[in-house]
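Novice: Supplied in structure tokens, the structure appears directly below.
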Amino acid sequence: MLGVDAVMRLGRPRLAGLALAAVVASWIGAGIAMVVVCRAAEPSRVSILRAADAIRRDAAGRPCAAVAALAPQLMWYARCAIYPAELGMPLPADRARYAVSFPRWPIRLDATLAAQHLRATPIATGDPDAEVWRLE
């Protein structure tokens, strides 16, 4: 819109129509792109929800912490503190502890276990793209 205004101030009304058309085209393009991005993200969202459900069921209301490469969505749905896998931070011992891996956001479970001095027990998620382990 600023471009249309600038063209009008320069006294070039023909270019103003072209600038306005470019603005409208960019709005339409952004709307189409948003639909495409949201549809592409849907399969990974299902895996995140299934991993979060498995953690919530296993934690049974206890505070929890998880190591994962994907933090915001998993933290929201699982209601756990999420520790980024690449930082190697120690998990608090007073919480139920988990490790979570997805094909698009994998973690190295062996490195996580070595850094945390823990062992892992797999937890069923019902989704081959959502791997969850209880760390003990």
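The values are calculated or read from the model by the stated rules, or taken from the named source; none is laboratory data. No experiment lies behind these values; they were computed from the predicted model shown. Cβ coordinates were reconstructed from backbone atoms using ideal geometry, including for glycine residues, and neighbour counts include every protein chain displayed.
Novice: Can you pull out the residues in segment 113-126 that are at pLDDT 90 or above and either part of a loop (DSSP other than H, G, I, E, B) or of a type in the set (Val, Ile, Thr) (or both)?
Specialist: Within segment 113-126, THR121, ILE123, ALA124, THR125, GLY126 qualify.
Novice: Anything in segment 58-90 that is basic (Lys, Arg) and either surrounded by 12 or more Cβ atoms within 10 Å (Cβ to Cβ) or under 19 Å from LEU109 (Cα atoms) (or both)? List them, or say none.
Specialist: ARG79
Novice: Restricting to segment 73-85, name every residue that is in contact with a strand residue (DSSP E or B) (Cβ under 8 Å, 6 or more places away or on another chain) and either at pLDDT 90 or above or not aliphatic (A, V, I, L, M) (or both).
Specialist: ALA78, ARG79, CYS80, ALA81, TYR83, PRO84
Novice: So which residues in segment 91-115 are surrounded by fewer than 19 Cβ atoms within 10 Å (Cβ to Cβ) and within 15 Å of CYS64 (Cβ to Cβ), if there are any at all?
Specialist: Answer for segment 91-115, where residues must be surrounded by fewer than 19 Cβ atoms within 10 Å (Cβ to Cβ) and within 15 Å of CYS64 (Cβ to Cβ): PRO92, ALA93, ASP94, ARG95.
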